[in-house]
Amino acid sequence: MTPIKNCILNKDINTNPIWLMRQAGRYLPEFREIRKKNSNFINLCLNPNLSEKITLQPIDRFGFDAAIIFSDILMIPYGLGQKVEFKKNFGPNLGDINLNELMALEDSVFYNNLSPIYELLKNLSKNNKLKDRDLIGFVGAPWTLLVYMINKVSPKNGLSSSFFEDIGLINNLLDTLDKFIKLHIKNQVTAGATIIQIFDSWAGLIENDLEKYLYNPTLSLVNYTKNLGVPVICFPRGISDYDKFCKIVKPSMVNIDYNINPKTLIDKIDIPIQGGLDPKVLLTDKENLKSEVTRYLQIFRDHPYVFNLGHGILPETQIEMVEELIKIVRNFK
Ligand code: 1CP
């Protein structure tokens with residue numbers, strides 16, 4: 001059994017496997033080297049040779065306990081035919097939605113649009129390349145994808161005032177997303193993903209109707225993934241009630257964000273927990289890193305716990321600090 005499955009399924013409390021969200025990314029000089037020569041981010045995600053190299057970079061360098069495929073949550077809108085671009089120093093920029101076309105999209109067209117991702121997973125699963133490691137596939141949660149598809153740019157400055165204007169559009173998109181996110185999950189599992197993580201990066205922006213936007217759509221994906229026989233990790237970033245989320249949605253494991261005080265969860269949540277550390281701690285010094293990392297490890301000493309961050313690793317993170325982090329986690333007793 002892989003270290004992470006052992007933690008999730010056997011609920012092992014004695015080991016703390018470690019991997020990091022965005023471990024394949026901009027803090028790595030070897031990633032930046034490839035990125036420099038490939039200015040189109042979507043094309044990079046659709047190049048199975050390069051995306052395999054990038055997926056393996058953090059494994060080769062640090063020996064993390066799991067690999068997460070190099071891809072992006074916005075590959076689903078791309079697969080659905082919406083224009084998706086990544087502009088330098090700006091972030092994602094999406095085109096208009098054609099709802100009729102989108103609702104009429106054939107499964108096979110979606111599959112073909114994203115087939116290099118499935119090829120990546122197949123290649124990585126071959127020849128025991130990952131040794132005793134999980135291969136994590138992922139999707140964006142319906143709410144977070146809805147946010148990007150309608151808002152068209154990052155909602156880091158809030159949702160546009162017209163976001164909820166067309167409820168018919170929102171309802172149709174939620175239905176369509178449920179169908180195609182499931183297809184993307186199934187295709188990834190068939191191609192070799194051994195765990196699925198659902199990123200709901202903007203869950204904290206949901207103010208009303210948590211049933212409609214958070215609990216129901218996520219539960220639908222969680223049940224679907226469990227039925228495929230694969231563990232599913234949820235990351236509903238920024239929500240105020242992780243306890244309620246876990247009781248309703250029941251993922252195999254929950255990733256917490258850094259705004260949650262981990263002490264308040266320990267008596268309430270009985271499923272395995274992942275993550276939590278503020279990625280900004282990696283920008284401080286080794287002493288502070290040690291005390292913060294140890295704090296999480298001590299709090300979760302008697303709980304199945306996978307070490308990870310409370311959000312993606314920041315591009316300005318020094319390699320040395322990542323090495324130190326791994327040392328601290330592996331030496332913890
Ligand atoms: O070089 C570059 O400019 C590209 C930077 C980059 C990278 C390395 C983007 C653009 N995406 C990725 C890879 C990526 N994205 C992975 C790879 C696997 C890993 O190592 O973890 C994953 C899992 C994602 C998931 C993702 N993309 C999320 C969910 C996690 C999170 O950070 O909240 C989100 C919100 C995105 C959208 C996205 N893609 C890229 C950017 C800059 C953004 C966020 C923009 C915003 O602020 O809205």
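The values are calculated or read from the model by the stated rules, or taken from the named source; none is laboratory data. These figures come from a predicted structure and were not determined experimentally. When we count neighbours, we look across all protein chains shown, and the Cβ atoms used for this are built from the backbone with ideal geometry, even at glycine. Accessible surface is based on the protein model in full, side chains and every heavy atom, while ligands, DNA and RNA are left aside. Shrake-Rupley method; radii C 1.70, N 1.55, O 1.52, S 1.80 Å.
Scanning region 258-284 for residues that are in contact with an Asp or Glu (Cβ under 6 Å, 6 or more places away or on another chain) and open to solvent by 50 Å² or more (accessible area, probe 1.4 Å) yields a total of 2. Considering Ile319, Ile273, the condition of being of a type in the set (A, V, I, L, M, F, W, C) and under 22 Å from Ala141 (Cβ atoms) is satisfied by Ile273 alone. Residues that are of a type in the set (A, V, I, L, M) and in contact with a helix residue (DSSP H, G or I) (Cβ under 7 Å, 6 or more places away or on another chain) within region 77-119 comprise Leu80, Val84, Leu94, Ile97, Leu99, Leu102, Met103, Leu114, Ile117, listed in sequence order. Annotation note: of Glu316, Glu323, the sole residue that is within 15 Å of the ligand (Cβ to nearest atom), open to solvent by 50 Å² or more (accessible area, probe 1.4 Å) and either touching a residue at least 12 places away in the same chain (Cβ under 8 Å) or not in a loop (DSSP other than H, G, I, E, B) (or both) is Glu316. Can you confirm whether Leu173 is more than 16 Å from the ligand (Cβ to nearest atom) and either open to solvent by less than 10 Å² (accessible area, probe 1.4 Å) or more than 27 Å from Lys122 (Cβ to Cβ) (or both)? So Leu173 passes the test.
Of all residues in region 120-170, how many are of a type in the set (Val, Ile, Thr) and loosely packed, with under 14 Cβ neighbours inside 10 Å?
Here is the first cut: in region 120-170, the ones of a type in the set (Val, Ile, Thr) are 136, 139, 144, 147, 150, 153, 167, 170.
Next cut, loosely packed, with under 14 Cβ neighbours inside 10 Å only: 167.
Looking only at that region, the number is 1.
When restricted to residues that are within 9 Å of the ligand (Cβ to nearest atom), more than 18 Å from Pro279 (Cα to Cα) and open to solvent by 40 Å² or more (accessible area, probe 1.4 Å), region 1-37 contains 2. Pairing each residue of region 240-261 that is without any contact (Cβ under 8 Å) to a residue 40 or more places away in the chain with any residue that is open to solvent by 20 Å² or more (accessible area, probe 1.4 Å) and charged (D, E, K, R), provided the two are 6+ apart or on different chains, yields C-beta distances under 7 Å for Asp243/Lys268.
Hey, can you tell me all the residues within region 128-150 that are among the β-branched types (Val, Ile, Thr) and under 26 Å from Gly95 (Cβ atoms)? Selection gives Val139, Thr144, Val147, Ile150.
Per-residue answers, yes or no, for (1) of a type outside the set (A, V, I, L, M, F, W, C); (2) over 30 Å from Ile271 (Cβ atoms):
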| site | (1), (2) |
| --- | --- |
| Cys7 | no, no |
| Leu44 | no, yes |
| Gly63 | yes, no |
| Ile76 | no, no |
| Phe110 | no, yes |
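Checking each residue in region 199-233 for being closer than 13 Å to Lys250 by Cβ and buried (at least 19 other Cβ atoms within 10 Å of the Cβ) picks out Thr218, Leu221, Val222, Thr225, Pro231, Val232, Ile233. Considered as a group, the residues in region 285-305 that are out of contact with any helix residue (DSSP H, G or I) (no Cβ under 9 Å at 6 or more places or on another chain) and open to solvent by less than 90 Å² (accessible area, probe 1.4 Å) include one that is nearest to Pro17 (Cα to Cα), and that residue is His303.
Residue pairs whose Cβ atoms lie under 8 Å apart, sitting 6 or more positions apart in sequence or on different chains, and linking a residue in region 286-312 that is within 13 Å of Phe332 (Cα to Cα) to a partner that is open to solvent by 80 Å² or more (accessible area, probe 1.4 Å) and part of a helix (DSSP H, G or I), are Ile299/Lys263.
In the condition set (1) among the aromatic types (Phe, Trp, Tyr); (2) free of Cβ contacts under 8 Å to residues at least 40 places away in the same chain; (3) under 21 Å from Gln197 (Cα atoms), Phe31 is compliant with all but (3).
Tell me yes or no: at least one residue of region 91-101 is within 20 Å of Thr225 (Cα to Cα) and surrounded by 13 or more Cβ atoms within 10 Å (Cβ to Cβ). Outline the logic, then answer.
Going residue by residue through region 91-101, those that are within 20 Å of Thr225 (Cα to Cα) are none.
No; the residues of region 91-101 include none that is within 20 Å of Thr225 (Cα to Cα) and surrounded by 13 or more Cβ atoms within 10 Å (Cβ to Cβ).
Identify all residues within region 54-86 that are within 19 Å of Asn128 (Cβ to Cβ) and either open to solvent by less than 10 Å² (accessible area, probe 1.4 Å) or within 13 Å of the ligand (Cβ to nearest atom) (or both); write none if there are none. Matches in region 54-86: Thr55, Leu56, Gln57, Pro58, Ile59, Phe64, Ala66, Ala67, Ile68, Ile69.
Of the listed requirements (1) modelled with pLDDT under 95; (2) within 16 Å of the ligand (Cβ to nearest atom), Met103 misses just one: (2).
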